1. Filter region 56-69 down to the residues that are open to solvent by 20 Å² or more (accessible area, probe 1.4 Å) and either at pLDDT below 95 or among the small types (Gly, Ala, Ser) (or both), then identify the one that is farthest from Phe8 (Cα to Cα).
2. In this structure, does Ile91 turn out to be in contact (Cβ under 8 Å) with a residue 24 or more places away in the chain, within 11 Å of Met117 (Cβ to Cβ) and part of a loop (DSSP other than H, G, I, E, B)?
3. Of everything in region 70-88, what is charged (D, E, K, R) and at pLDDT below 95? Give them in sequence order.
4. Among the residues of region 97-114, are any free of Cβ contacts under 8 Å to residues at least 40 places away in the same chain, of a type outside the set (Gly, Ala, Ser), exposed (fewer than 14 other Cβ atoms within 10 Å of the Cβ) and in a strand (DSSP E or B)?
5. Pull out all pairs, ordered by first then second residue, where Cβ-Cβ is under 7 Å, the residues are six or more apart or on different chains, the first lies in region 7-24 and is over 17 Å from Arg126 (Cα atoms), and the second is in a loop (DSSP other than H, G, I, E, B) and open to solvent by 70 Å² or more (accessible area, probe 1.4 Å).
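The values are calculated or read from the model by the stated rules, or taken from the named source; none is laboratory data. Just so it is clear, the model here is predicted, and its values are computed rather than measured. Note that we place each Cβ from the backbone using ideal geometry, even for glycine, and neighbour counts take in every protein chain shown. The protein model used for the area step is the full one, side chains on, heavy atoms only, and it has no ligands, DNA or RNA in it. Shrake-Rupley method; radii C 1.70, N 1.55, O 1.52, S 1.80 Å.
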Amino acid sequence: MPEVLHLFQAIASGEPVREFAEAFAVENEGLHDCLHGQSGKQILVTDVETLEEFDISPGRGRENITTSGIAIAQLQRGQRMRVGEALLEVIKPCTSCHRMDEIRDGLREAIRGRRGMICRVVESGRIRRGDRIEIVEWQRETKQHTGATE
């Protein structure tokens, strides 16, 4: 079952992210008090399976949410997931940046396209370690919102 393993927030610029047992996701902003939201990224979600494959400790890639049991890089733009009380929407893959090479030379290129997904907070809510992650049938939701029938 997909779940939240770790929650991280960037509290101070240039400092490592800090781990929390819970965080509050704010609609169209990101995690409360996290600098990622101020930079327009909102929330970076990465799966632990990818981190393990590349021998990266959770949080070292500066993700906000580390998941287990779901291949985050395979999610599609516009797809939504319920994470704890919050609803997140996949916006785009996270571009691999120079910070990856700070972890290990060549990692930026090696992890390209698999670092994780940038997500927008559609509905505010609390997220805790151990919370379930549920993929939402976003196509169906879109049809319902437009009044189309299946």
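1. Of everything passing the filter in region 56-69, Gly69 is farthest from Phe8 (Cα to Cα).
2. no
3. Taking region 70-88 first, the residues charged (D, E, K, R) are 77, 80, 82, 85.
Result: Arg77, single match.
4. Checked against the condition, which is being free of Cβ contacts under 8 Å to residues at least 40 places away in the same chain, of a type outside the set (Gly, Ala, Ser), exposed (fewer than 14 other Cβ atoms within 10 Å of the Cβ) and in a strand (DSSP E or B), region 97-114 yields no hits at all.
5. Sorted first by the residue in region 7-24, then by its partner, the pairs are Ile11/Asp33.
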